[in-house]
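One structure is given here, and the rest of the page talks about it.
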Amino acid sequence: MRKWKVIGLLAALALPLASGAISRNPAPAAGAKTLPGGVVDGSADGFVGMLMITPDADWEAKWKTPSANIPRFTTTQEVGRGGKVYILTFISNPKLDASGHANVRCDLDVIRPDGSFSQHEKDLPCYQGKYPAPSTSLALTALVVEFTGDPGDPAGKWNVKVRLRDTTRHVEVPLETWFELKE
C-alpha cells in the first residue's frame, strides 16, 4: 500500500528556478513557527526553510510562473479519505559557494497517528546547483511529497518533519508540521 510518493523535481536541482523565484527578505526567527494553514518556517544564521501543505494538484503550474507573478497556494491541515495533499519545501538565503551554487540536503520523517514511521529518509538532495539571484529569493526544493489518504491508512494526526542542512554554511533548520486524515 503506497501512502507517500516523494516527487523528485530533478529539473529543480539543475536549473536556477529564476522563473519561479519570489523575492523575499526573511526575518530571522528564533525557531520554527507555525503560520496559518499549516505553513511552517524557521531559520538558522540567515538560512530560511519553509514547509507548506497544499491540496492544489496544480501546485507545479502555479510555481512555474514568471517571477513577477506571485503564486497563490491554498493551504490546509486536513485531507479526506481518497484525497491528496502535497508538502512543499522551500528555502531562502542558502550560503553559496564561489560559483554561486547552493548545496542543501534534507532528512524526511512522516509519522503516523500511532507514532510509527510511514517514511524515514536521510540525506536527500534538496537543492543543488546554481541559485537564483538574489540569494534571498524563495526557491522550491526537490523535496515535494505527495500523500494520498488510502483505505487502511489510520485516521488522525500525521506529523511531517524535515531537517534542512545548508552544507556550505554548516547550519540546520528543523521544521515540523502536521495534517489530519479525516474519515
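The values are calculated or read from the model by the stated rules, or taken from the named source; none is laboratory data. As the structure is a computational prediction, the values presented were derived from the model and not from experiment. Here the Cβ positions follow ideal geometry from the backbone for every residue, glycine too, while neighbour counts run over all protein chains shown.
Miscellaneous remarks
- All positions within region 99-117 that are of a type outside the set (D, E, K, R) and surrounded by fewer than 17 Cβ atoms within 10 Å (Cβ to Cβ): S99, G100, H101, P113, G115, S116, F117
- Of residues in region 76-98 being farther than 27 Å from D45 by Cβ and of a type outside the set (D, E, K, R), the one surrounded by the most Cβ atoms within 10 Å (Cβ to Cβ): V85
- Filter result for the condition that a residue is in a loop (DSSP other than H, G, I, E, B), among the hydroxyl-bearing types (S, T, Y) and under 24 Å from P125 (Cβ atoms), over S99, S43: S99
- Restricted to region 48-75, and to residues there that are hydroxyl-bearing (S, T, Y) and in a loop (DSSP other than H, G, I, E, B), the residue that is modelled with the lowest pLDDT is S67.
- Taking the numbered list (1) in contact with a Leu (Cβ under 7 Å, 6 or more places away or on another chain); (2) more than 29 Å from D45 (Cβ to Cβ); (3) of a type in the set (F, W, Y) in turn, Y131 passes all entries but (2).
- Only residues that are closer than 25 Å to K130 by Cα and either free of Cβ contacts under 8 Å to residues at least 40 places away in the same chain or surrounded by 20 or more Cβ atoms within 10 Å (Cβ to Cβ) (or both) were counted across region 45-57, and they come to 6.
- Failed condition for T168, given (1) in a strand (DSSP E or B); (2) farther than 24 Å from G83 by Cβ; (3) of a type in the set (V, I, T): (1)
- The requirement of being surrounded by 21 or more Cβ atoms within 10 Å (Cβ to Cβ) and either at pLDDT below 95 or β-branched (V, I, T) (or both) is satisfied by V160.
- Odd one out for P154, checked against (1) in a strand (DSSP E or B); (2) more than 17 Å from P55 (Cβ to Cβ): (1)
- Test: E121 is part of a strand (DSSP E or B), acidic (D, E) and under 12 Å from the mean Cα position of the chain (by Cα): no
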